[in-house]
Amino acid sequence: MGVYRGTEDGARLGEILRRLDEPLRVAVAGRVKAGKSTLLNALVGEQLAPTDAGECTRVVTWYVDGHTYRVLAHPIDGEPRQLSFDRDHGAIEIKLDGLAPEELAQLVVTWPSQALRTATLIDTPGIGSLSERLAQRTWDLLAAADDETPADAVLYLLRHLHGNDMEFLRAFHDTEVSQPNPVNAIGVLSRADEIGVGRLDAMSSARRIAGRMATDPNVRRVVQTVVPVAGLLAETAATLTEAEVAQ
């Protein structure tokens, strides 16, 4: 490092060293209402991200471990500013204080969490969002043409394989490192318990479907594997309280 001190290469090496000391950065991406925020909550073991019936994630949101509870907004233009939030029941309700989602590059939620000590999780607006500008934020974050993506890996949720799913995953990879079997992306067949109208054998059916997807040569080029996940069941199991068990 001493040889490169004060140079552009030295700054780049310093950034790489800092990244190596940080938790793994995992982005959760996919189409609108694929269950991204629900899976994120299951991974954290807390109901942090909103998961109501509407389109929930409208801003790229980072969830990082820290010593305090804080939400920081990063506008596209202007300095970062701290936002207020409520959490009376379940997910965090962030008050944007007059900022429109389209004005924000990202939100950073700092939350003391054992799970977040090992992996920073990035929730992203859905591909195919009603707002093209919001969906474009996900493309800009994970499939940037010129810069490296800030995510080390991506969990890509899908219910059916659409053409733009494949397009997005191909764009996520640097072609030099993504062949022949990329290890930095996993396909997730989401809401697997709803397959077959939620029959008792839904997960068995989901495993077969995921297995077929995983052996498709086109899919294998962009994800390591495809796994079925019942996100809502996982979230409920991970966040179940003693009081709820006692009821």
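Bear in mind these aren't lab numbers, they're just calculated from the coordinates by the rules spelled out. Keep in mind the model is a prediction, meaning the values are calculated, not measured. Because the Cβ atoms are built from the backbone with ideal geometry, glycine has one as well, and the counts that use them run over all protein chains shown.
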- Item | ³J(HN,Hα) computed for each position of segment 29-44 - Karplus, 6.51 cos²θ - 1.76 cosθ + 1.60, integer Hz, glycine/proline x | 10, x, 6, 4, 6, 7, x, 5, 5, 5, 5, 4, 4, 5, 5, 6
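For the chain, what is the percent of antiparallel DSSP beta bridges, rounded to the nearest 5? Let's see the in-between values first.
Details: 14 of 37 bridges.
Among the beta bridges of the chain, antiparallel pairing accounts for roughly 40 percent.
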- List every residue whose amide H lies under 5 Å from the amide H of GLN106, counting only residues 5 or more places away in sequence or on a different chain, with H placed 1.01 Å from N in the peptide plane. HIS74
- Report, by chain and number, residues whose modeled amide H sits under 5 Å from the one on VAL227, excluding near sequence neighbours (fewer than 5 apart, same chain). GLY187, VAL188, LEU189
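When only C-alpha pairs under 8 Å and at least 6 residues apart count, what is the relative contact order of the chain, in percent? Don't skip to the answer; put the middle values down first.
Working: 452 pairs, mean separation 57.6, N = 247.
With pairs under 8 Å counted, the relative contact order is 23 percent.
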- Note on the structure: Among [x] 21.0; [y] 18.1; [z] 19.3, the entry matching Kirkwood radius over Cα pairs in Å as calculated here is [z]
- Message: Quick one: 3J(HN,Hα) in Hz for segment 65-82, Karplus 6.51/-1.76/1.60 with θ = phi - 60°, rounded, Gly and Pro as x.
- Response: 6, x, 8, 10, 9, 7, 10, 10, 9, 10, x, 5, 10, x, 7, x, 9, 7
- Task: Largest first and in whole Å, give the semi-axes of segment 45-129's equivalent ellipsoid, each being the square root of 5 times a Cα gyration tensor eigenvalue.
- Result: 19, 16, 13
- Whole-Hz ³J(HN,Hα) from phi, Karplus 6.51 cos²θ - 1.76 cosθ + 1.60, for segment 155-171, glycine and proline x: 9, 9, 8, 8, 10, 9, 8, 9, x, 6, 5, 5, 4, 5, 5, 5, 5
- Residues meeting the amide H criterion for ILE127 (H placed from the backbone, H to H distance under 5 Å, 5 or more places apart or on another chain) are GLY30, ARG31, VAL32
- Message: For a protection proxy built on the mean count of beta-carbon atoms within 10 angstrom, sort 32-38, 62-68 highest first, please.
- Response: 32-38, 62-68
- Taking only DSSP H segments of four or more residues, each worth -39500 (n - 2.57), what value at 222 nm results for the chain once the sum is divided by all its residues, to the nearest 500 deg cm²/dmol? -9500 deg cm²/dmol
